[in-house]
Structures are given as C-alpha cells and as structure tokens.
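Q: Below you will find the structure I want to go over with you.
Throughout, read-outs are computed from the coordinates displayed, never taken from laboratory work. Computed from a prediction, not measured in an experiment: that's the story for all the values here. Please note: Cβ atoms are built from the backbone with ideal geometry, for glycine as well, and neighbour counts cover all protein chains shown.
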Amino acid sequence: MSEKIFNILVLCTGNSARSIMAEALFNSMGHGRFHAYSAGSHPNGAVNPFAVERVAAIGYDTTALRSKSWDEFAKEDAPKMDFVITVCDNAAGEVCPMWPGQPITAHWGFEDPAAVTGEDAIKRRAFDKIFHQIMNRVQLFVNLPLKTLDAQSIKREMDNIGHSAL
C-alpha cells in the first residue's frame with residue numbers, strides 16, 4: 001500500500017514570491033509525500049524573477065511556476081487540500097486570504113521580499129533571507145510524523161512551526 005500524498009495550498013495575496021517559494025520547497029523537500037500548490041487572493045499575474053532565481057538555485061523546475069488565483073483551487077474538480085498555509089505578513093498590515101472548507105490551516109507570516117526596493121543585490125539578500133526562513137519551516141513540517149498524528153495534533157504542530165523563531 002502506498003503512502004498518502006498530502007495536498008498543500010500555500011496562499012498569499014499576490015502569489016508572486018513567498019507562496020511560490022514555499023510551493024517549490026514543499027515539492028522539493030517533501031520527497032513525494034506532498035504535492036504543493038500556491039495561489040493568491042489578488043494574484044500579481046507574474047512570478048517575481050528573484051523568487052524564480054531562488055527556486056531554480058535548488059534545482060527546482062521553474063517552467064510551470066505562475067501567479068494564479070485561488071479561484072482555481074475552489075472549483076469542484078480541483079484537488080482536495082489537506083493543508084492550507086497563509087504566508088502573508090500581518091505585521092505589515094497585509095490581509096491574508098481565508099480558505100473555506102475543512103483542511104487543516106495555519107499562518108506562517110513572512111516579510112514580503114518583493115516589497116524591498118533598491119539595487120538587485122539588496123533585493124537578492126531579502127529573497128535569500130525569506131527563502132531560508134520558509135525553508136526552515138518547511139523542513140520542520142515535512143519531518144512531522146503525519147500518519148501517526150490526529151488532526152488536532154497536526155494543527156498544533158503547524159501553529160508551533162508558524163511561531164518558531166527563524
């Protein structure tokens with residue numbers, strides 16, 4: 001009997017940077033146990049080139065990455081999500097999208113590297129910082145013994161990861 005593959009939807013407002021990087025990290029670090037998607041409540045329409053650069057650096061195939069609306073995942077024929085994680089930065093006043101239904105949800109707030117201005121080197125440093133923060137949380141999550149935990153325990157662990165020091 002094969003192991004369950006968990007579907008994860010990572011949500012943000014613009015779906016151009018943080019949620020894209022999280023999607024790639026879950027798909028890479030999950031070793032086939034997870035199928036991650038990302039979307040935005042108000043997608044920018046384009047993936048930030050610095051996000052593409054970061055995920056390409058880990059060997060992730062970037063050809064299918066695109067900024068998309070969460071409406072695609074609300075359709076009846078869309079994959080059923082087991083987990084929904086928002087990655088907006090509440091401290092910066094961003095409004096995080098809410099996901100209806102019964103998946104286990106968590107909020108992992110990250111600063112928006114796409115909001116950083118200045119020279120490319122400054123922007124790259126911002127993307128590197130947030131990428132590593134997301135990677136640390138994804139690593140904690142993909143190592144959870146999900147098949148031995150009940151939904152309430154998984155939710156508690158997801159919340160703990162979201163509040164962990166990076």
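Q: Check the straight Cα-Cα distances from K147 and name the aspartates and glutamates below 17 Å, setting aside those fewer than 8 residues away within the same chain.
A: Counting by Cα, and skipping residues close in sequence, K147 has these aspartates and glutamates nearby: E3, D82, E157.
Q: Here's something else I'd like to know. Taking the Cα atoms only, what angle lies between the long axis of helix 151-162 and the longest principal axis of the chain, rounded to 10 degrees?
A: Between helix and principal axis, roughly 20 degrees.
Q: Can you tell me the 0 to 90 degree angle between the C-alpha axis of helix 120-142 and the longest principal axis of the chain, rounded to 10?
A: Relative to the chain, helix 120-142 is tipped by roughly 10 degrees.
Q: Moving on. Name the residue farthest towards the positive end of the dipole of the stretch 44-164 from the options Q139, W108, A74, assuming +1 on Cβ of Lys and Arg, -1 on Cβ of Asp and Glu, about the Cα centre.
A: Value computed over the given set: Q139.
Q: What residue among D61, D112, D150 shows peak mean-square fluctuation when the chain is described by a Gaussian network model with Cα springs under 10 Å?
A: D150
Q: On to the next question. Using the Karplus curve 6.51 cos²θ - 1.76 cosθ + 1.60 with θ = phi - 60°, what ³J(HN,Hα) values do you get for each residue of the stretch 36-43, in whole Hz, with x for Gly and Pro?
A: Karplus values, whole Hz, x for Gly and Pro: 9, 10, 9, 7, x, 6, 9, x.
Q: Mean separation of Cα pairs under 8 Å and 6+ residues apart, divided by the residue count of the chain: what relative contact order is that in percent?
A: 24 percent
Q: I need the phi-derived Karplus couplings for the stretch 16-22: 6.51 cos²θ - 1.76 cosθ + 1.60, θ = phi - 60°, integer Hz, Gly and Pro marked x.
A: 10, 9, 4, 5, 5, 5, 5
Q: Using only alpha carbon positions, build the gyration tensor of the chain, then give the equivalent ellipsoid semi-axes as the square roots of 5 times its eigenvalues, largest first, whole angstrom.
A: 24, 17, 16
Q: Under a point-charge model restricted to the Cβ atoms of Lys and Arg (+1) and Asp and Glu (-1), what is the dipole moment magnitude of the chain relative to its Cα centre, in debye to the nearest 20?
A: 260 debye
Q: Say we join alpha carbon atoms closer than 10 Å with springs in a Gaussian network model of the chain; which of I130, I104, I58 then has the biggest fluctuation?
A: Highest fluctuation of the listed residues: I58.
Q: Please list, in chain and number order, the residues 5+ apart from S38 or on another chain whose amide H is under 5 Å from its amide H, with Hs placed from the backbone.
A: Those qualifying (amide H under 5 Å, at least 5 residues apart or on another chain) are V10.
Q: If you don't mind, another one. Taking the chain as a Gaussian network, where each spring joins two C-alpha atoms under 10 Å apart, which residue of A36, A121, A106 fluctuates the most?
A: Among A36, A121, A106, the largest mean-square fluctuation in the Gaussian network model of the chain belongs to A121.
Q: Pairs of Cα atoms under 8 Å, at least six residues apart: use those to get the relative contact order of the stretch 107-166, whole percent.
A: Once normalised by length, the contact order is 42 percent.
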